[in-house]
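Down below is the structure, laid out as structure tokens.
The values are calculated or read from the model by the stated rules, or taken from the named source; none is laboratory data. All values derive from a computational prediction rather than experimental measurement. We place every Cβ from the backbone using ideal geometry, glycine too, and count neighbours over all the protein chains shown.
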Amino acid sequence: MNSSLRNFAAIGAAVVSLSLFAAEPPKVGATFPALTIGGDLEGTVPDLNGKVVLVDFWASWCAPCKESFPAMKELHEKYSAQGLVVVAVSIDEEKSDMDAFLKKNPVPFTLVRDPKSALFDTKLGLTGVPVSYILDKQGKVAFSHSGYEGKKTKKLLTEKIESLLKN
């Protein structure tokens with residue numbers, strides 16, 4: 001085997017082996033990783049035990065993320081008294097970018113930051129924003145959605161949240 005072919009084979013084997021160990025986004029029914037402050041995240045996360053949780057990954061530069069914030073605010077206001085917790089996880093590297101966004105788009109729900117993408121990329125294997133997960137009262141993934149399609153996405157989130165809050 002010539003050296004070029006040998007190098008190509010070695011690179012191919014490395015890519016295959018890396019992909020075998022890459023994190024994959026959690027599927028419905030899987031336990032969602034803990035939202036750990038200090039290790040992965042900056043901010044404060046309330047007690048999530050026994051709560052239905054909407055975890056939304058976003059970034060200040062993401063136009064669909066900005067569109068989703070009024071819907072998450074409405075969901076929080078409508079269902080928080082019934083046991084819904086909304087946790088928006090910014091993947092902005094710079095805190096000042098997140099803060100500037102929030103100054104223009106203030107919200108009443110929990111905000112944390114994953115500046116090194118430790119949760120977003122390393123643990124969850126996510127690649128784009130916005131991405132939303134709804135967790136049941138046991139912390140298992142009940143629903144996931146990528147992107148934000150206005151009323152269609154809001155309706156999907158609302159239906160799943162209402163269903164889980166009844167259980």
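The residues on offer are P64, P106, and the sole one that is over 19 Å from G29 (Cα atoms), exposed (fewer than 13 other Cβ atoms within 10 Å of the Cβ) and out of contact with any Asp or Glu (no Cβ under 6 Å at 6 or more places or on another chain) is P106. Only a single criterion out of (1) in a helix (DSSP H, G or I); (2) surrounded by 14 or more Cβ atoms within 10 Å (Cβ to Cβ); (3) among the hydroxyl-bearing types (S, T, Y) is not satisfied by S96, namely (2).
Do we find a residue being of a type outside the set (A, V, I, L, M), touching a strand residue (DSSP E or B) at 6+ places or on another chain (Cβ under 9 Å), closer than 20 Å to T36 by Cα and surrounded by fewer than 22 Cβ atoms within 10 Å (Cβ to Cβ) anywhere in segment 111-118? Yes, because at least one residue in segment 111-118 is of a type outside the set (A, V, I, L, M), touching a strand residue (DSSP E or B) at 6+ places or on another chain (Cβ under 9 Å), closer than 20 Å to T36 by Cα and surrounded by fewer than 22 Cβ atoms within 10 Å (Cβ to Cβ).
Taken over segment 30-65, the criterion of being modelled with pLDDT under 95 and among the charged types (D, E, K, R) is satisfied by D40, E42, D47. Might you let me know whether segment 49-57 holds any residue that is surrounded by fewer than 17 Cβ atoms within 10 Å (Cβ to Cβ) and either of a type in the set (D, E, K, R) or within 26 Å of E24 (Cα to Cα) (or both)? Looking through segment 49-57, at least one residue is surrounded by fewer than 17 Cβ atoms within 10 Å (Cβ to Cβ) and either of a type in the set (D, E, K, R) or within 26 Å of E24 (Cα to Cα) (or both). Of the residues making up segment 113-143, those that are over 21 Å from S60 (Cα atoms) and either part of a loop (DSSP other than H, G, I, E, B) or not charged (D, E, K, R) (or both) are I134, L135, D136, K137, Q138, G139, V141, A142, F143. If you go through segment 31-48 and keep only what is aliphatic (A, V, I, L, M) and surrounded by 14 or more Cβ atoms within 10 Å (Cβ to Cβ), you end up with A34, L35, L41, V45, L48. Set side by side, the residues S60, S68 differ, and just one is touching a residue at least 40 places away in the same chain (Cβ under 8 Å), assigned to a helix (DSSP H, G or I), in contact with a Phe, Trp or Tyr (Cβ under 6 Å, 6 or more places away or on another chain) and of a type in the set (G, A, S), which is S68.
Looking only at residues in segment 145-167 that are surrounded by 17 or more Cβ atoms within 10 Å (Cβ to Cβ) and under 21 Å from L48 (Cβ atoms), the one that is nearest to the chain's Cα centre (by Cα) is H145.
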